[in-house]
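Worksheet: one structure, shown below.
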Amino acid sequence: EVLVDENQSQRQQERQGKLPRRHKEVKRSLRRPDCPEHLLGGSVHRLPEQPESEASVSVEDTAESCRKRWDRCRRGHFLHGPYPATHFGPKACVLPNPTSVMHIQDPASQRLTWSKPPLNVLVIRKIRDETLLEPFKELCRFLVEEKHLMVYVEKKVVDDGSLMTDDSFSAIRNQLCTFREGYDDISDRIDLIICLGGDGTLLYASSLFQGSVPPVMAFHLGSLGFLTPFKFESFKTEVDKVFEGNAAIILRSRLKVKVVKGMFQRNEQLFSPQENGIAPHNHINNEAGKITLQLQVLNEVVVDRGPSSYLSNVDLYLDGRLITSVLGDGVIVSTPTGSTAYAAAAGASMIHPNVPAIMVTPICPHSLSFRPIVVPAGVELMITLSPDARNTAWVSFDGRKREEIQHGDSIKITTSCFPVPSICCHDLVYDWFDSLAQCLHWNIRKKQTRLTDASDSSETEN
């Protein structure tokens with residue numbers, strides 16, 4: 001407190017002119033905090049008004065501090081990359097906008113923690129698969145008898161004939177809480193989700209929570225298992241680690257989708273695929289528009305031609321601007337998680353789930369130059385039937401809830417603020433590349449044999 005008071009009194013005397021002002025150690029033109037290379041290499045120029053000793057000391061101090069910060073940045077291993085510099089050259093900079101400030105936590109530091117011990121666990125089992133009965137019973141017995149947790153399961157899973165006739169499991173079955181999809185809302189009761197099956201079980205778990213999603217722990221007991229990193233052989237150890245906290249998680253972004261009926265009308269004279277324009281407000285009838293469906297989608301939204309033999313003809317808008325018309329079998333709008341699903345089969349690139357983006361992939365487009373594109377995660381996409389479309393279109397969401405889209409209907413898509421926190425087995429980078437290699441056999445080929453002769457290959461050919 002005494003030191004603080006002395007510093008404050010000294011600053012007051014400086015402002016009143018009683019004491020000479022203290023000189024700053026570093027002049028403005030010599031400080032380059034965003035450019036360590038400028039200080040770590042090249043010659044140092046002194047200002048004319050600055051003595052040689054003061055310039056050398058101050059520049060050395062600044063160079064040393066920037067060198068230390070540069071080393072910390074290199075050791076930090078930030079997945080989002082460094083914060084970009086906002087000053088360009090001596091006079092240009094980005095216009096400050098305080099309303100657009102957004103703080104993003106680096107994915108490498110995302111760790112699961114519990115404010116209170118978890119009590120309610122939702123177990124989702126792949127149905128119509130008899131091989132999962134024993135793992136399901138082992139997991140439920142462990143959670144109920146050893147962990148003393150409340151376990152929620154679907155009613156159709158409990159009513160399975162094999163479980164009903166198993167007398168050894170009857171005591172556990174009577175303690176399970178059941179629910180029915182579409183009838184019972186359990187979104188505010190579940191602390192943890194455990195999936196037994198393949199990727200479909202994780203997609204189904206996502207569909208049950210249209211708002212905030214509890215952490216998801218997925219065990220690989222299905223056919224593909226790209227999204228299920230855990231092995232069931234060591235499920236007790238893995239579950240205990242998750243309950244202890246400090247587990248790595250990956251936030252899988254979802255798409256917020258709205259289907260609006262009878263809203264959109266487009267003037268053909270104002271728009272064409274070659275002349276993009278902003279849609280005027282008088283061509284969007286907000287009063288007539290009715291939201292018939294609103295969903296959170298984890299993988300993709302697919303708009304296709306359905307049973308018709310004609311080409312699908314839909315218009316694609318980005319933030320109200322007509323981008324292009326898609327003529328082909330359809331179009332896929334996917335998350336980074338969905339980029340390894342249907343989009344990958346349609347020729348799209350594979351995006352790491354932590355990349356904030358939305359991918360647009362045409363399905364068999366009637367154009368040789370129509371390539372998949374990646375747009376920022378914050379934009380709003382809108383898909384409508386083109387006025388000259390010969391048939392209607394059909395839309396599906398993660399392969400479910402398929403419905404027909406007619407003239408005047410629109411599909412609005414943007415990134416949701418409710419991601420799926422998927423628990424990692426190792427870390428969010430290793431798990432993804434391991435799934436690429438194990439499930440999709442990414443870049444796997446027979447190794448090239450080395451040359452037996454040490455001479456140059458060109459001389460050997462000659």
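Calculated accessible area for the stretch 112-252 comes out at 47 Å² per residue, all protein chains present (probe 1.4 Å; ligands, DNA, RNA ignored). The calculated FRET efficiency for S207 paired with T452, based on their beta-carbon distance and R0 = 41 Å, is about 0.10.
Treating each Cα of the stretch 112-252 as one equal point scatterer and applying the Debye formula with no solvent, the log10 of I(q)/I(0) at q = 0.12, 0.14 Å⁻¹ comes out as -0.44, -0.62. In this label model, A108 and S187 are separated by 3.5 nm, measuring between points 7 Å along each Cα→Cβ vector.
When each of the peptides 431-440, 337-346, 136-145, 109-118 is scored by how many other beta carbons lie within 10 Å of its residues on average, the order from highest to lowest is 337-346, 136-145, 431-440, 109-118. In terms of packing, defined here as the mean over residues of other Cβ atoms within 10 angstrom, the peptides 373-383, 171-181 line up highest first as 373-383, 171-181. Which Cα, out of V158, I190, L176, lies furthest along the positive dipole direction of the stretch 112-252 (beta carbon charges, K/R +1, D/E -1)? Most positive-ward Cα: I190.
Taking the 1.4 Å solvent-accessible surface of the stretch 332-462 as the whole, the part contributed by carbon and sulfur is 52%. Toward the positive end of the charge dipole of the stretch 112-252, with +1 on the Cβ of Lys and Arg and -1 on the Cβ of Asp and Glu, the farthest Cα among G200, F243, S115 is that of S115. Other residues whose C-beta falls under 12 angstrom from the C-beta of P229 contribute a net charge of -4, scoring Lys and Arg +1 and Asp and Glu -1. Electrostatic tally near S325: other residues with Cβ closer than 10 Å to its Cβ, Lys and Arg +1, Asp and Glu -1, net -2. Restricting attention to the stretch 112-252, close to 5% of DSSP beta bridges with both partner residues there are antiparallel.
Given charges of +1 on the Cβ of Lys and Arg and -1 on the Cβ of Asp and Glu, with all other atoms neutral, how large is the dipole of the stretch 121-264 about its Cα centre, in debye to the nearest 20? Result for the stretch 121-264 is approximately 740 debye, rounded to the nearest 20. Beyond 19 Å in Cα-Cα separation lie the following of the pairs K116/K156; K126/K147; K147/K241; K290/K412; K261/K401: K116/K156; K126/K147.
Positive-end ranking of L133, G211, V144 along the dipole of the stretch 112-252, with charges on Cβ about the Cα centre, is headed by G211. For the pair N246 and N174 in one chain, pulling the backbone fully straight at 0.36 nm per residue adds 22.6 nm over the alpha carbon distance.
The values are calculated or read from the model by the stated rules, or taken from the named source; none is laboratory data. Model, not experiment: these values are computed from the prediction. In this analysis, Cβ positions are derived from the backbone assuming ideal geometry, glycine residues included, and neighbour counts consider all displayed protein chains. The protein model used for the area step is the full one, side chains on, heavy atoms only, and it has no ligands, DNA or RNA in it. Shrake-Rupley method; radii C 1.70, N 1.55, O 1.52, S 1.80 Å.
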